[in-house]
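Read the figures in this text as sums done on the coordinates, not as results from a lab. Because the structure is a prediction, the values reported are computed rather than measured. Positions of Cβ are generated from backbone atoms using ideal geometry, with glycine treated the same way; all protein chains shown enter the neighbour counts.
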Amino acid sequence: MVNESGNSKVVKELITIGIFNAIAIAVFFAVGLSLSFITTLIPVVAVIMPAILALPGGIIYLLMITKAPTKGVFIISGILLGVFMVAVGNMVFFLISMTVAGFAAEAVFTVIGRKKFWAAATGFAVLMIGFVAGGYFPMIFMRKAYLDFQLARGLDSAYLEAMIAILNPGVFAGIIIITATAAYLGSLWGRKVLHKHFAKAGIL
């Protein structure tokens, strides 16, 4: 009876994780789509897109953790987001990056303390760093492979060249810092908006 109850709880939490990841992906897609015209005209906006996404993402992912703090929450989230990003036209490297980030985020979440807010916030920040790496590492360190891949998909070469011209290792490091900061701000925003949920889950 106890095992059945435990299994039921795990299944419910896995469903919850799936639902919240679907919401996060929908929000990320909607934000990206709504800004697509601006990013085409001003490529630098596309460069900081992960930081923009991290702000609403902080609310969604932190609420998910209050509802489903099961072990593996970040691993599952990283893989799901990675699969989606590959499905919409990114290199398989994106999935690899998100999977590694998911495991790293889960480790951080566990080591700092699964009932601590800063553990969850840091885990989310690590996940978003994986998002940055998945998108921009190939542009900087795998340029030919990246260009060949995207040109084969029919993307505009002028836009791709404009994006690549902006990026270098220093800019890459800057994007990571900005995105991690935005992830913390999004998490803090989430805690303020959803204070009752955090208190109920015992996350302080």
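Considering the dipole of the chain built from charges on the beta carbon (Lys and Arg +1, Asp and Glu -1) around the Cα centre, which of Ile59, Ser157, Asn90 is farthest to its positive end?
Ile59
Among Thr70, Thr179, Thr40, what is the fewest-to-most ranking by other Cβ atoms within 10 Å?
Thr40, Thr70, Thr179
Among the listed pairs Lys67/Lys115; Lys71/Lys192; Lys115/Lys192; Lys9/Lys192; Lys9/Lys116, which have their C-alpha atoms separated by more than 19 angstrom in this model? Each step should come with its number before you reach the end.
Working: Lys67/Lys115 12 Å; Lys71/Lys192 25 Å; Lys115/Lys192 17 Å; Lys9/Lys192 27 Å; Lys9/Lys116 21 Å.
Where the Cα-Cα span goes over 19 Å, the pairs concerned are Lys71/Lys192; Lys9/Lys192; Lys9/Lys116.
Can you put Arg143, Arg153, Arg191, Arg114 in order, fewest other beta carbons within 10 Å first?
Ranked by crowding around the Cβ, least crowded first: Arg153, Arg143, Arg114, Arg191.
Rank by packing, highest mean first: peptides 8-19, 98-109, with packing defined as the count of other Cβ atoms within 10 Å averaged across residues.
Final packing ranking: 98-109, 8-19.
Given charges of +1 on the Cβ of Lys and Arg and -1 on the Cβ of Asp and Glu, with all other atoms neutral, how large is the dipole of the chain about its Cα centre, in debye to the nearest 20?
With only Lys, Arg, Asp and Glu charged at Cβ, the dipole is about 780 debye.
For the chain, what does the helix formula give at 222 nm: sum of -39500 (n - 2.57) over DSSP H segments with n ≥ 4, over the residue count, nearest 500 deg cm²/dmol?
After summing the helix terms and dividing by the residues of the chain, the value is -28500 deg cm²/dmol.
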